[in-house]
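See structure below.
The values are calculated or read from the model by the stated rules, or taken from the named source; none is laboratory data. None of the values given here were measured: they were computed from a predicted structure. Here the Cβ positions follow ideal geometry from the backbone for every residue, glycine too, while neighbour counts run over all protein chains shown. Just so you know, the surface numbers come from the protein's heavy atoms only, side chains and all, with ligands and any DNA or RNA stripped out. Shrake-Rupley method; radii C 1.70, N 1.55, O 1.52, S 1.80 Å.
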Amino acid sequence: MSENVNRLSPRQKMINLMYIVLTAMLALNVSSDVLDGFTQVHEGLTRSNDNVSSRNGAIYGQLEAFAAQNPEKGRVWLDRATEVRRETARMYRLVDSFKMEIVRKADGPEGDPDNIVSRDDLEAAAVVMLSPGKREGERLRHSIENYRSFVTGFVPDSTKRKSIESALSTMPVRRAGQLAPQAWEDAKFDQQPVVAAVTLLSKLQNDILYAEGEALTHLLGQVDAGDVRVNELNAFVIPQSRLVMRGGEYQASIVLAAIDTTQRPSVFVNGNRLPGDKGLYTVHTGTTGTFTYRGYIQLPHDDGTVSKYDFSSEYTVIEPMATVSATMMNVLYAGIDNPVSISVPGVPMNAISATMTNGTLTRNGDHWVARPAAIGKEAVVSVTATMDGRPVNVATTTFRVRKLPDPTAYIAYNDGKGNIDHYKGGKPFSKALLMAAQGLDAAIDDGLLDTKFTVISFETIIFDSMGNAMPYVSDGSRFSAQQRQAFQRLTRGKRFFISRIRAKGPDGTTRDLSPMEVIIG
């Protein structure tokens, strides 16, 4: 925003050199030529101080203008600059007051530092600055030290800070031929002509303004030091989801992103820094569900500060799936629980809901159970998914409602391995297994429905030795005592029939089942 302020201009260096030369000449002889030289140096310093003060004021004006445009960003730096200006002005006025006091001590109450009459007065400076009662020189030294410590706190550059410390140094001075160094104030004001003392104080004011300029320049540079510099612009499309269901909405943020290819930020996800400098987050998915991740982007600035930008997002993992269905087999059976699978690719289960006509549709975790009511009337299942914060109807499926088919009657027995098996007639059956059986059962055990029925009653028809058919009635679903006695008389190869089998299903209906033939093996 501003050009760097040079530490000392060529003109200022020349003025300083002239001051040193004139001081050396003064040690030999305070001639009128030497006094004229000091006067010229003082005039040059006065003009230089005016220029430096104007430059510092311009820098401060830039800070004021920026703070007016952007108070949130510029106010803190303007407040610090105001503090520097206030302390500099106080120090400048203090030095001015000593210049005026020294000149008036030599020339009287009307004395003017810019028009000194008694330029060669060797006592006025010492009386004012080194008087044991006032000790103004010591006071000035302490003020310089305090100001030096204050202003260097605003200049982090070590080279510039050392330059300010050197310009405002108050170290004791060792002169040639002296055994011990003199205090700074004694070396500057003892036996000094008035014009030399005033010139020295003007030089001190020049150093004070230089220090102020360095501090203000640094504060002005801090206004945008924390800004992010960019050297490349890229267009990015950031979709909310790449998977969109029919009836849903595809949404994407199309943004222009600015990046600095010379200084990449560091990206941290769940506490771990991402490798590389592209900010690419990769995770291998092993389980289904919705997963949330959080982190922050860490960006360093030119001023040494670091900014952190938090973020969070989530992703959903679903099972790989394909739906294959036979359209002629969309059948539900009335009066029983029909398991139904409902899923919407790309949508988590907790965002899916469904309803059904002609019956009830209930949910148990991720599974559904349909229980239709009226036989012969269609049941329509409607599936709704919540996408982008609003419900969307994603599917409507029609099922035919049928009555459960008749079950098959069987005799349950334990095979040689201890497993339960079903004897459904038509082939030899061991008499021992028959005697161990409890009675008759019925079920639809085709591997699809696997629906059990309750046998209410049945008859056994056994032929005696004369060929007469002897009916025996069951004890509900169990073999009666008469039936068991009749079984005892059967020999290998004999046959009997189980008929008039009546069974009740889970739908509440009672069925008459087909008879079965039992062959004693």
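Descriptive notes on the structure:
- Size descriptors for the stretch 354-397, from the alpha-carbon set: Rg then Dmax equal 12.0, 39 Å.
- Per residue accessible area of the stretch 59-215, 1.4 Å probe, in Å²: 49
- Charge context of Ala334, other residues only, Cβ under 10 angstrom, K/R +1, D/E -1: +3
- One decimal place: the segment Thr305-Asn70 gains 82.6 nm when fully extended, by the rule 0.36 nm per residue minus the C-alpha distance.
- Accessible surface of His422 - all protein chains present, 1.4 Å probe, nearest 10 Å²: 60
- Estimated FRET transfer efficiency (Ser97, Arg55; beta-carbon r; R0 25 Å; 0.05): 0.55
- Peptide packing for 424-432, 39-47 was compared via the average number of neighbouring C-beta atoms within 10 Å per residue; ordered from the highest value, the list is 39-47, 424-432.
- Listed by chain and number, the aspartates and glutamates whose alpha-carbon sits under 15 Å from that of Lys403, ignoring those within fewer than 8 places in the same chain, are Asp337, Glu378, Asp450, Asp507, Asp512.
- For the stretch 117-225, projected area of the alpha-carbon convex hull averaged over all directions, nm²: 8.5
- Unsatisfied cross-links (Cα-Cα over 20 Å) in the set Lys431/Lys504; Lys452/Lys494; Lys105/Lys188: Lys431/Lys504; Lys452/Lys494
- Cβ-based net charge around Lys427, under 13 Å, with every Lys or Arg adding one and every Asp or Glu removing one: 0
- Long-range amide H partners of Thr408 with built H, under 5 Å: Ala443, Ile444, Asp445
- Cβ-based net charge around Pro515, under 11 Å, with every Lys or Arg adding one and every Asp or Glu removing one: -2
- Heavy-atom accessible surface of Met171, to the nearest 10 Å², is about 130 Å², with a 1.4 Å probe and all protein chains retained.
- Between Thr360 and Met470, the C-beta separation translates, for a Förster distance of 35 Å, into a calculated FRET efficiency of about 0.10.
- Accessible surface of the stretch 357-501, 1.4 Å probe: 50 percent of it comes from carbon and sulfur atoms.
- Alpha carbon convex hull of the stretch 104-164, projected area averaged over orientations, nm²: 6.1
- Accessible solvent surface per residue of the stretch 364-521, calculated while the other protein chains remain in place, 1.4 angstrom probe, Å²: 57
- Under 21 Å from Lys162, Cα to Cα: lysines that are on another chain or at least 8 residues apart: Lys13, Lys203
- P(r) tail for the stretch 366-454: Cα pairs beyond 19 Å make up 62% of the total.
- Panel note: the C-alpha atoms of the stretch 415-521, placed on their principal axes, show extents of 43, 32, 22 Å (largest first).
- For the stretch 131-187: rounded, prolate or oblate by the Cα gyration tensor [a/c cutoff 1.5]: oblate
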